[in-house]
Number of protein chains: 2
Amino acid sequence: MAGSSTGSFKAADLVIQLSSSPKIKPDVVDFGTVFTDHMLTIEWNANEGWQAPLIRAFRNLSLHPACSALHYGVQLFEGLMVYRGDDNRLRLFRPILNMNRMTNSAKRACLPAFDQSELLECIRRLIDIDQDWVPHSDSASLYIRPTFISTEPSLGVKKPTSALLYVILCQAGSYFNTEMRALSLWADPKYTRAWKGGTGDCKMGGNYGGTLFAQYEAASYGCQQVLWLYGEDHQITEAGTMNIFLHWINDDGDEELATPPLDGIILPGITRQSILDLTKKWDEFKVSERYLTMAQLYSALKQQRLKEMFGSGTACSICPVGSIVYQGTNLQLPYQEKHSLSSRITTELADIQHGRSPSDWTYLV
Amino acid sequence: MAGSSTGSFKAADLVIQLSSSPKIKPDVVDFGTVFTDHMLTIEWNANEGWQAPLIRAFRNLSLHPACSALHYGVQLFEGLMVYRGDDNRLRLFRPILNMNRMTNSAKRACLPAFDQSELLECIRRLIDIDQDWVPHSDSASLYIRPTFISTEPSLGVKKPTSALLYVILCQAGSYFNTEMRALSLWADPKYTRAWKGGTGDCKMGGNYGGTLFAQYEAASYGCQQVLWLYGEDHQITEAGTMNIFLHWINDDGDEELATPPLDGIILPGITRQSILDLTKKWDEFKVSERYLTMAQLYSALKQQRLKEMFGSGTACSICPVGSIVYQGTNLQLPYQEKHSLSSRITTELADIQHGRSPSDWTYLV
């Protein structure tokens with residue numbers, strides 16, 4: 001259990017204490033409600049640095065009541081899936097991008113750095129131990145939640161002197177718990193998700209807790225999620241916890257797939273990046289990171305230039321948007337279940353994730 | 001332990017389990033590092049409502065690793081002081097304002113409502129039990145930290161179905177841990193504390209974790225805290241975790257005490273409100289809630305119209321600002337230790353808090 005005052009923990013130092021009472025695995029359930037038998041925990045403190053990683057039975061955390069993760073939101077997380085392929089092998093999808101983003105979030109939160117490949121190897125070992133939990137299904141997978149919190153045991157807004165990095169795994173059924181095929185969104189400029197000079201481009205907890213209230217106002221309008229607007233021109237930024245894409249004939253008459261640029265208020269989604277990479281490789285239409293406003297969306301809709309709008313995220317993969325309540329109007333968006341761009345992308349990504357299409361985007365467990 | 005599915009917990013249901021091993025009280029220490037012997041905990045869940053309040057020995061919390069307070073920042077807090085008067089009686093300062101603000105934060109965080117007077121009575125009982133911890137000193141006090149967190153044990157951004165309200169008490173020495181008499185601030189528009197449509201007017205954790213990074217950049221410029229600016233005209237909003245005041249001869253030639261208005265991005269500080277109330281009652285100069293920009297501050301400074309700038313907050317009380325690093329210049333602000341407006345306000349507030357001046361702002365424990 002030797003600590004490292006500089007650098008990183010090492011997967012080679014991993015201590016494994018297997019659970020003596022494994023759970024009975026339920027059928028696929030709601031997203032994020034049932035966890036596997038084990039978890040990974042790695043402690044850090046300013047004096048001794050990183051401690052040896054530990055895989056042990058899933059159990060509650062014991063935290064000091066002044067812990068600054070609970071008072072000042074000094075916390076961040078990641079989310080990625082492990083898929084069971086048709087060949088029965090387990091695959092992660094571009095996990096290095098999650099590790100990069102986690103490193104960026106940690107820097108922004110003043111939490112310590114670590115070696116990304118060491119964390120990935122520890123996660124691989126955890127998945128290997130709980131591998132029976134990965135569903136034998138094309139429509140379900142196991143969700144991996146790396147979490148990094150300050151455990152600073154004193155009050156006052158300051159840099160943490162202790163921290164805990166932990167990883168839990170849970171069953172991933174449907175994220176939105178809905179029978180509807182396309183999402184309904186509520187867009188109102190009175191709530192803002194993120195802003196320039198803030199933390200909207202990091203996966204820090206504070207970005208999410210402040211959105212619940214708006215989400216419940218959306219529900220009062222019969223909508224499932226919030227479409228987050230920004231600025232006086234009502235820029236389209238994100239939807240719920242997803243990045244957003246428009247597939248349209250743009251103002252210049254060109255077919256285009258467009259999503260807002262990473263200007264500090266947009267979360268750099270892995271699915272977002274993969275959609276951009278995939279469609280650019282196809283080279284069939286223009287693919288852009290550009291500002292998009294509600295006025296542009298509205299006029300494209302009226303002029304029948306809008307083909308499809310969809311959200312993307314790890315938990316939901318790709319979700320078409322069916323309607324938007326905006327300024328007293330319920331905008332109905334075109335949506336077809338088959339032969340749409342979103343369904344084509346969904347299939348191509350799923351083929352990669354399940355090993356049917358060979359790709360260097362997958363990482364074998 | 002009967003639960004209440006609607007309404008609130010009741011102080012009359014309080015269960016008290018005294019600690020069997022009280023701590024040895026140290027001399028006055030850094031703010032927020034040493035806690036008293038007991039804590040108050042009150043659990044809530046969506047099925048049974050509020051449970052009976054419990055006062056028990058101070059100890060770690062046991063939290064599910066998926067707890068949404070740790071992932072999505074569904075958390076809020078309050079801060080208030082208990083003072084020992086010259087008459088040896090213990091007093092709170094305007095605690096109803098803290099209860100009101102806590103209720104507003106809870107609504108914004110989608111955490112359940114409660115009866116403010118019931119919580120205040122539970123806190124009074126907790127202080128009464130740990131009363132020996134309140135310093136016999138005019139320069140030290142005991143800090144009360146009500147905290148309210150989601151304990152929802154599943155992933156996914158959604159309204160909590162369980163929560164924990166708890167209160168801890170700690171010794172309150174100097175907040176800024178400095179020998180300097182006036183604060184040095186760093187003002188750079190590249191970081192923003194809060195924004196319209198966000199949660200800057202609530203005491204939610206996410207408002208604080210995102211500020212650490214800027215605070216450490218401030219330190220690299222030799223400054224103690226960040227002066228938070230907003231908008232293209234560099235409005236002055238807050239400093240570190242304090243509200244901010246200018247005492248000056250304004251552009252119209254009038255003596256004025258001014259602080260930014262509560263427009264959604266400013267925390268409604270209790271000390272802030274008390275300074276406004278107190279100085280309005282004096283009726284000696286203009287007292288305003290108004291927008292203030294760096295350009296206005298700069299020209300007042302150059303024209304020797306600035307008398308004093310100071311921050312206010314519960315933890316720090318009132319702190320004069322001595323200098324601001326802004327756009328490559330280190331602005332030196334006028335500051336006198338005695339006979340300043342800030343020292344006069346500090347004395348008047350301390351006289352109320354310690355019972356030397358009778359006031360309906362105090363609440364006897």
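The values are calculated or read from the model by the stated rules, or taken from the named source; none is laboratory data. All values reported here derive from a predicted model rather than from experimental measurement. Here Cβ is always computed from backbone atoms with ideal geometry, including for glycine, and neighbour counts include all displayed protein chains. Each accessible area value is taken on the protein alone, full model and side chains, heavy atoms only, with ligands, DNA and RNA left out. Shrake-Rupley method; radii C 1.70, N 1.55, O 1.52, S 1.80 Å.
For region A:32-95, the fraction of 1.4 Å probe accessible surface lying on carbon and sulfur atoms is 40 percent. Which pairs break 22 Å Cα to Cα here: B:LYS107/B:LYS203; A:LYS302/B:LYS196; A:LYS190/B:LYS107; B:LYS280/B:LYS307? Among B:LYS107/B:LYS203; A:LYS302/B:LYS196; A:LYS190/B:LYS107; B:LYS280/B:LYS307, the Cα-Cα distance tops 22 Å for A:LYS302/B:LYS196. Helical runs assigned H by DSSP (4 residues or longer) give chain B a calculated mean residue ellipticity at 222 nm of -6500 deg cm²/dmol, each run adding -39500 (n - 2.57) before division by the residue total.
Ranked from largest, the principal axis spans of the Cα set of region B:256-324 equal 32, 26, 23 Å.
How much of the calculated P(r) for region B:1-122 lies past 27 Å, in percent of all Cα pairs? Intermediate values should be presented prior to the final figure.
Numbers: 1855 of 7381 pairs.
Distances greater than 27 Å cover 25 percent of the Cα pairs.
Binning the C-alpha pair distances of chain B at 20 Å intervals from 0 yields a P(r) profile of 28, 57, 15, 0 %, listed from the shortest bin outward. For the protein assembly as shown, the calculated P(r) over all alpha carbon pairs, in 20 Å bins from 0 to the bin holding the longest distance, is 16, 48, 31, 5, 0 percent. For B:GLY311, the shell of other residues with beta-carbons less than 14 Å away shows a net charge of +1, using +1 for Lys and Arg and -1 for Asp and Glu.
Probing with 1.4 Å while keeping every protein chain in the model, the per residue accessible area of region A:233-365 equals 42 Å². Here the convex hull built on the C-alpha positions of region B:144-233 has a volume of 157 cubic angstrom per residue. Each label was represented as a point 7 Å from its Cα along the Cα-to-Cβ direction; for A:ASP233 and A:GLN273 these points are 2.7 nm apart.
On alpha carbon coordinates alone, what is the Rg over Rh value for region A:250-365, Rh being the Kirkwood radius? Numbers along the way, then the final one.
Working: Rg = 15.3 Å, Rh = 15.6 Å.
Reported Rg/Rh, Kirkwood definition of Rh: 0.98.
Note on exposure: A:LYS203, B:LYS107, B:LYS286 ranked by accessible area (1.4 Å probe, complete protein assembly) read B:LYS107, B:LYS286, A:LYS203, with the most exposed listed first. For the pair B:TYR216 and B:SER20, the difference between a 0.36 nm per residue extended length and the Cα-Cα distance amounts to 66.4 nm.
Hey, with R₀ at 51 Å, roughly what FRET efficiency would B:GLN116 and A:LYS302 work out to, going by the Cβ-Cβ distance, to 0.05? The partial results should precede the final answer.
Working: r = 50 Å, r/R0 = 0.98.
The formula returns an efficiency of 0.50 here.
For region B:209-279, taking Cα atoms only, Rg and Dmax work out to 13.9, 40 Å respectively. Across region B:303-347, Cα-Cα distances exceeding 14 Å account for 53% of all pairs. Ranking of B:LYS338, A:LYS307, A:LYS158 by solvent-accessible surface, largest first: B:LYS338, A:LYS307, A:LYS158 (1.4 Å probe, protein heavy atoms only, all chains present).
Which order, highest average first, do B:346-356, A:248-258, A:15-25 follow once you tally other Cβ atoms within 10 Å for each residue and take the mean per peptide? Write out the running numbers ahead of the final one.
Numbers: B:346-356: 18.1, A:248-258: 15.9, A:15-25: 10.9.
Answer by packing, highest mean first, reads B:346-356, A:248-258, A:15-25.
Put simply, chains B and A cover up around 5000 Å² of each other's accessible surface, both sides summed, when a 1.4 Å probe is used. With Cα atoms as the point set, region A:82-221 shows a radius of gyration and Dmax of 18.3, 53 Å.
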